[in-house]
Number of protein chains: 2
Amino acid sequence: MHCTKCHNEASIYIRRHNTAFCKEHFIEYIYGQVEKAIKKYKMFEKNDQILVAVSGGKDSLALWDILISLGYKADGLHIDLGISEYSEKSKETVKKFAESKNLKLHIISIKDLYGLGIKEIAHKNRKTPCATCGVIKRYIMNLAALELKYNVIATGHNLDDESATLLGNILHWQIDYLKAHSPILLEDEVGFARKVKPLYRVSEYETSAYCIMKKIEYIIDECPMSIDAQSLKYKEILNIIERDSPGTKEQFYFGFLEKGKIYFSPEKRDIKLNNCKICGQPTTSEICGFCRQMTKANLEPLRIKEFVIKLKDSYGQI
Amino acid sequence: MHCTKCHNEASIYIRRHNTAFCKEHFIEYIYGQVEKAIKKYKMFEKNDQILVAVSGGKDSLALWDILISLGYKADGLHIDLGISEYSEKSKETVKKFAESKNLKLHIISIKDLYGLGIKEIAHKNRKTPCATCGVIKRYIMNLAALELKYNVIATGHNLDDESATLLGNILHWQIDYLKAHSPILLEDEVGFARKVKPLYRVSEYETSAYCIMKKIEYIIDECPMSIDAQSLKYKEILNIIERDSPGTKEQFYFGFLEKGKIYFSPEKRDIKLNNCKICGQPTTSEICGFCRQMTKANLEPLRIKEFVIKLKDSYGQI
Ligand SMILES: [Zn+2]
Ligand SMILES: [Zn+2]
Ligand SMILES: [Zn+2]
Ligand SMILES: [Zn+2]
């Protein structure tokens, strides 16, 4: 098979577009898809300060690499969840990547701050690790963006992630999700930094291929505690459909954004935000979910904020 | 396993409701589901004249049997599509059922009227058999209801049919479908008799079981020309999901009706209907789809109408 662009030997075949690319033109194609996402949703400009949430997996590292390659100002934020070896490996992978490219990386370690990992905190709260992890990660990302003066938070959600989540929410008609979902959430919608998903047009297969072609080392392991069976199931389902009718996954997700979504957002959401009585972050309650959870687990919610403020003082260093 | 109602030996287990029934209580359950559908959508009352489209398959025969058992006035309409042995077998099956219950059955044979079956008509028109079949069946049902004074047309679409079609239309965001879809289409929406799907709450598995328990003979073969691979694929997909999370199929379809659909019908559809210049049936064009298709195939569109009018004169006989 030959590259659709240059007719040299192709390295990859994108079935849903029926096109093949050599390494060079595949990378160009990926840049094109990400630029298209950024422009289409006005995600950010060259002078925005972007904070990329990097787990050490293929998607977040590919995202960081792509943004830097396209000339955007993007620093990394790694949250060390304190899940034994997995977290250790993740952190090392992210650090190695940042050092090799001389990029600024902030690391916030739950275990260093609290002496407990996510698993133990979840256990104390009688929540699932994934639920606890979600609250903590979101909180830290928002806090870090706020305190360290980033105006955009970028995450590595890809087409497979987004279409699987959409399918799950459609199957259960989670109307609130359908109303709120978008590759961009503006500041005034969330009360925090803008949140964007620049990889929403890029498949899981393509982010892996991108990492391999750009020789980016990433951790292959999924989080050992995340047994998000439902989400994997929906991915599998979409892959079965995609196998028979290439392009359906993209059509489904893009179709939602372009044709379906408008029907779910006739009225503007009018959410009243207060400042959390403990930490000051915007919340719909008196006390934000993070502070509630930490307090319940007998942990000091403000410790992270103090740490992030110290990070600000050491600004400019990894 | 024991019947949830009477604790006798169960004959069937309904996984999505985690209930088991003996024969008697399963039939009662089916009646209940159908009555619920009828009441919820005000499909018809005891004094309505219902015309059931009966193909000879399990769904349409179960539907007819259920409606009669519940005390509704329902006659049958069988359209003989002239597809060799399959149509012959279908017709005999329907006739046998009607005779055994002393029910009124109208039979309209395409081949008798035109000397050609659906396949040949489709071929002449360079359409797929399924597209041609759809136009012809819809036309005949409407015509028969109009001329023979039925005010309701009932079809055997079950939960699996409806949820599979919904999934396909969601995956491709067919907004017009999402706007129009309902287990009931009123007269003024379609310009014809009201159309209802009283089995929308009953699964394919349950209609088969109903036929078996009530000793209703039905033809198992699917139409040999219908290779509606897409629809089968979506059914399969929903069955995979259902296997892992029983109830999802029902939640998905009922959720659409109860929570999702409202978002797609903010404005009232305002379709202007004319009378077909050839046959007089309501149509959005000058000439209705059926008359266009028959004329194109060099066949006389009015022949069916003449036949149906004769059926009216012989009203009361099979
Ligand atoms: Zn090339
Ligand atoms: Zn707080
Ligand atoms: Zn019983
Ligand atoms: Zn006509």
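A few notes on this one:
- Residue count for region A:246-260, restricted to those that are facing chain B (nearest Cβ under 10 Å) and open to solvent by 30 Å² or more (accessible area, probe 1.4 Å): 3.
- Some residue of region A:267-287 being open to solvent by less than 30 Å² (accessible area, probe 1.4 Å), modelled with pLDDT of 95 or more, of a type in the set (S, T, N, Q) and under 21 Å from the mean Cα position of the chain (by Cα): no
- Filter result for the condition that a residue is at pLDDT 95 or above and either open to solvent by less than 20 Å² (accessible area, probe 1.4 Å) or more than 24 Å from A:Pro246 (Cβ to Cβ) (or both), over A:Asp59, A:Asp65: A:Asp65
- Those residues of region A:1-43 which are hydrophobic (A, V, I, L, M, F, W, C) and open to solvent by 20 Å² or more (accessible area, probe 1.4 Å), in sequence order: A:Met1, A:Cys6, A:Ala10, A:Ile27
- Within the option set A:Lys149, A:Lys195, A:Lys179, being open to solvent by 10 Å² or more (accessible area, probe 1.4 Å), touching a residue at least 40 places away in the same chain (Cβ under 8 Å), of a type outside the set (Asp, Glu) and in contact with a Leu (Cβ under 9 Å, 6 or more places away or on another chain) holds for one residue only, A:Lys195.
- Note on region B:102-120: residues that are of a type in the set (Lys, Arg) and not in a loop (DSSP other than H, G, I, E, B) amount to 2.
- Here region A:126-137 is the region considered, the condition is being at pLDDT below 85 and β-branched (Val, Ile, Thr), and the residue that is surrounded by the fewest Cβ atoms within 10 Å (Cβ to Cβ) is A:Thr128.
- Residue that is farthest from ligand 1 (Cβ to nearest atom) [pool: residues in region B:290-302 that are open to solvent by 30 Å² or more (accessible area, probe 1.4 Å) and part of a helix (DSSP H, G or I)]: B:Leu302
- The lone criterion from (1) modelled with pLDDT under 90; (2) within 14 Å of chain A (Cβ to nearest Cβ) left unmet by B:Leu166 is number (1).
- Sole residue being outside any helix (DSSP H, G or I) and either over 30 Å from B:Glu85 (Cβ atoms) or within 14 Å of another protein chain (Cβ to nearest Cβ) (or both), chosen from B:Ser182, B:Ser231: B:Ser182
- The set of residues in region B:108-120 being open to solvent by 20 Å² or more (accessible area, probe 1.4 Å) and in contact (Cβ under 8 Å) with a residue 60 or more places away in the chain consists of B:Leu113, B:Tyr114, B:Leu116, B:Lys119.
- Residue identified as more than 22 Å from the chain's Cα centre (by Cα) and either modelled with pLDDT under 95 or more than 14 Å from chain B (Cβ to nearest Cβ) (or both) among A:Ile216, A:Ile241: A:Ile241
- Of the residues making up region A:11-32, one or more are in contact (Cβ under 8 Å) with a residue 12 or more places away in the chain and either within 16 Å of ligand 4 (Cβ to nearest atom) or within 14 Å of chain B (Cβ to nearest Cβ) (or both).
- Flag if B:Ile140 is assigned to a helix (DSSP H, G or I) and crowded, with 23+ Cβ neighbours inside 10 Å: no
- Checklist (1) in a helix (DSSP H, G or I); (2) open to solvent by less than 40 Å² (accessible area, probe 1.4 Å) applied to A:His123, failing item: (2)
The values are calculated or read from the model by the stated rules, or taken from the named source; none is laboratory data. Every value quoted in this text rests on a predicted model; they were computed, and no experiment measured them. Methodologically, a virtual Cβ is constructed for each residue, glycine included, from the backbone with ideal geometry; neighbour enumeration extends over all protein chains shown. Keep in mind that these areas ignore ligands, DNA and RNA; they rest on the heavy atoms of the full protein, side chains included. Shrake-Rupley method; radii C 1.70, N 1.55, O 1.52, S 1.80 Å.
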